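One structure is given below, encoded as structure tokens.
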Amino acid sequence: MARHHVSPVTVQTAIRRVAADGVVEVRPGRGSFIAARTESRPPDLSWQSVALGAGRRGEEALSTLLAMHKPETIALSSGYFDASLQPASALGAAMARAARRPTAWERGPVEGRYDLRDWFAREAGGGLRAGDMTVCSGGQAALATAFRGLAAPGDTLLVEAPTYLGAIAVGRDAGLRVVPVPADTDGVRPDLLASAFESTGARLFYCQPLHANPHGGVLSRERRGEVLQAVADAGAFLIEDDWSRGLTIDGEAQRPLAADDQDGHVVYLRSLTKLVAPGLRVAAIGARGVAGARLRTARGLADLFVAGPLQDAAIDFLTSPAWRRHLSGLRSALRVRRDALFDALERHLPELRPATVPSGGLHVWLQLPDGVDEAEVTVAAAARDVAVFPGRPWFAAEPPGQRLRLSFGGAPAELFDEAVRRLADALAAS
Ligand SMILES: Cc1ncc(COP(=O)(O)O)c(C=O)c1O
């Protein structure tokens with residue numbers, strides 16, 4: 001203290017800091033001593049690769065999708081809204097009210113709060129009731145619950161081609177054989193779905209009927225009945241991932257398939273993370289009959305239940321005027337963004353502009369010209385501070401060509417022109 005003219009508090013802070021680094025050893029009641037030097041060698045962690053064996057396919061794609069970008073990067077790769085579209089203050093108020101309620105911190109039922117389950121069941125619009133629904137911490141957890149609860153390792157899971165890469169990854173993680181069925185802008189091909197059920201004996205089909213990620217397609221009215229029939233004929237379940245409800249830009253969204261399900265073949269999944277904010281990790285999955293009970297059990301095994309305050313905040317927000325305001329503001333904001341992205345494509349990459357403009361959702365699916373490598377373009381775009389996502393990981397088997405997925409949810413419209421200009425530059429350079 002005398003030498004450095006500092007207070008005892010400063011000296012104590014300094015000693016604590018060097019003690020944490022192992023330089024000084026504090027012996028209570030005796031004093032602080034210079035620690036004995038140990039011969040340090042860098043840890044050899046290479047044995048872990050042998051112990052853990054082969055990695056799991058699909059893990060890398062999901063980590064890449066969720067990677068955080070540098071602040072200067074224009075994110076055309078995010079499946080979530082950027083902060084400007086998130087109702088942060090209304091959510092914050094709902095969370096503060098929830099956190100003050102002592103009951104929010106108590107142990108709740110594994111299947112979740114009744115009123116929240118009821119909200120999700122009513123959104124499905126069919127025969128599902130609150131008692132059929134199980135609250136999960138996001139859509140990804142709900143998918144894991146469904147694949148583990150309704151199938152056993154070695155079973156086949158049919159998925160659309162292309163489809164959400166996280167569903168392919170979590171299906172494989174559950175030990176399932178993931179088999180693709182071609183889909184186009186009108187959704188999955190019912191004729192090929194029927195033959196896939198027949199040739200594989202599958203009992204599970206994962207499907208996004210509304211504004212599918214990554215291609216934005218909507219299952220057409222003509223195909224809806226045929227798809228439900230193919231599922232019923234196979235004695236199978238269709239897991240309807242309705243993540244994009246509320247993100248329709250043009251016209252009215254068709255009702256969920258679950259609303260037309262007579263005999264309990266449709267398992268309904270709805271997450272709030274896309275529509276509200278990625279941090280509102282609340283979703284629900286539901287099915288009638290024994291399947292609903294299996295989902296509840298699988299959910300409990302995974303991580304018991306979703307945090308009470310988060311569930312309370314979710315239902316508080318969903319039943320407040322802020323929810324309606326949020327929904328109505330979204331439609332026009334998304335239209336501005338989608339149109340700005342298409343205008344930018346028209347200006348800088350007219351040959352890549354898709355013929356069909358998606359009627360909602362968050363994504364635009366581009367087909368690259370022959371001879372262009374999607375991975376190279378992605379790297380070249382990243383070097384120009386634009387994040388886009390390559391097409392390969394969205395296919396459970398060989399892709400039919402080179403693609404890119406662009407998203408208009410994660411960045412403001414005024415950046416799109418510059419982003420697509422740089423993307424055109426990246427394409428020219430690769
Ligand atoms: C189609 C689809 N389903 C489910 C999820 C999982 O989302 P979350 O766990 O945030 O609800 C995603 C995320 O990208 C998705 O795109």
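The values are calculated or read from the model by the stated rules, or taken from the named source; none is laboratory data. The structure displayed is predicted, hence computed values, not measured ones. Cβ sites come from the backbone with ideal geometry, for glycine too, and all protein chains shown count toward neighbours.
Which of the residues belonging to the range 274-293 are assigned to a loop (DSSP other than H, G, I, E, B), within 15 Å of the ligand (Cβ to nearest atom) and closer than 28 Å to ALA152 by Cα?
So the first thing to find is which residues in the range 274-293 are assigned to a loop (DSSP other than H, G, I, E, B), and the list is 274-282, 287-289.
Cutting the leftovers down to within 15 Å of the ligand (Cβ to nearest atom) gives us 274-282.
Within the range 274-293, ARG281, VAL282 meet the criteria.
Could you grab me the full set of residues in the range 125-160 that are within 16 Å of the ligand (Cβ to nearest atom) and on the phi > 0 side of the Ramachandran plot?
GLY138
What are the residue pairs meeting all of these: first residue in the range 76-91, first residue under 17 Å from VAL386 (Cα atoms), second residue hydroxyl-bearing (Ser, Thr, Tyr) and more than 16 Å from the ligand (Cβ to nearest atom), Cβ atoms under 9 Å, and 6 or more apart or on different chains?
SER77/THR378
Quick one: would you say LEU406 is in a strand (DSSP E or B) and either touching a residue at least 40 places away in the same chain (Cβ under 8 Å) or small (Gly, Ala, Ser) (or both)?
Against the criterion (in a strand (DSSP E or B) and either touching a residue at least 40 places away in the same chain (Cβ under 8 Å) or small (Gly, Ala, Ser) (or both)), LEU406 qualifies.
Given (1) in a helix (DSSP H, G or I); (2) within 16 Å of the ligand (Cβ to nearest atom); (3) in the same structural domain as GLU123 (by TED's automatic domain parsing), where does ARG296 come up short, assuming only one miss?
All conditions pass for ARG296, except number (2).
Considering only the range 370-389, how many residues are more than 22 Å from the chain's Cα centre (by Cα), within 19 Å of HIS69 (Cβ to Cβ) and assigned to a loop (DSSP other than H, G, I, E, B)?
2
Can you find, within the range 242-265, the residue that is nearest to the chain's Cα centre (by Cα) among those that are within 16 Å of the ligand (Cβ to nearest atom) and outside any loop (DSSP other than H, G, I, E, B)?
So the residue we want is THR248.
Here are the criteria: (1) surrounded by 19 or more Cβ atoms within 10 Å (Cβ to Cβ); (2) in contact (Cβ under 8 Å) with a residue 40 or more places away in the chain. Tell me which single one GLY125 does not satisfy.
(1)
In the list ALA302, ALA314, which residue meets the criterion of being more than 17 Å from ASP132 (Cα to Cα), modelled with pLDDT of 95 or more and within 16 Å of the ligand (Cβ to nearest atom)?
When all the criteria are applied, what remains is ALA314.
Output the residues belonging to the range 337-361 that are within 23 Å of the chain's Cα centre (by Cα) and closer than 21 Å to SER84 by Cα. So that I can check it myself, show each step before the final result.
Step one: list which residues in the range 337-361 are within 23 Å of the chain's Cα centre (by Cα), which gives 337-338, 341, 357-361.
ARG337, ARG338, LEU341, GLY360, GLY361, listed by residue number.
Considering only the range 4-54, state which residues are more than 48 Å from the chain's Cα centre (by Cα) and surrounded by 12 or more Cβ atoms within 10 Å (Cβ to Cβ).
VAL6, VAL11, SER32, ALA35
Kindly indicate whether ALA313 is in contact with a strand residue (DSSP E or B) (Cβ under 7 Å, 6 or more places away or on another chain), outside the structural domain of SER359 (by TED's automatic domain parsing) and not in a loop (DSSP other than H, G, I, E, B).
Spelling it out, it is not the case that ALA313 is in contact with a strand residue (DSSP E or B) (Cβ under 7 Å, 6 or more places away or on another chain), outside the structural domain of SER359 (by TED's automatic domain parsing) and not in a loop (DSSP other than H, G, I, E, B).
Please indicate, with yes or no, whether at least one residue in the range 58-71 is more than 23 Å from GLY361 (Cα to Cα) and either buried (at least 18 other Cβ atoms within 10 Å of the Cβ) or touching a helix residue (DSSP H, G or I) at 6+ places or on another chain (Cβ under 6 Å) (or both).
So the first thing to find is which residues in the range 58-71 are more than 23 Å from GLY361 (Cα to Cα), and the list is 58-60, 70-71.
Of the ones still in play, those that are also either buried (at least 18 other Cβ atoms within 10 Å of the Cβ) or touching a helix residue (DSSP H, G or I) at 6+ places or on another chain (Cβ under 6 Å) (or both) are 58.
The answer is yes, given that some residue of the range 58-71 is more than 23 Å from GLY361 (Cα to Cα) and either buried (at least 18 other Cβ atoms within 10 Å of the Cβ) or touching a helix residue (DSSP H, G or I) at 6+ places or on another chain (Cβ under 6 Å) (or both).
Can you tell me which residue in the range 165-194 is farthest from the ligand (Cβ to nearest atom), limited to those that are farther than 21 Å from LEU150 by Cα and in a helix (DSSP H, G or I)? Write out each step before concluding.
Of the range 165-194, the ones farther than 21 Å from LEU150 by Cα are 182-192.
Narrowing the set further to residues that are in a helix (DSSP H, G or I) leaves 190-192.
Values: PRO190: 21, ASP191: 24, LEU192: 21 Å.
Step by step, filter the range 165-194, then rank; the result is ASP191.
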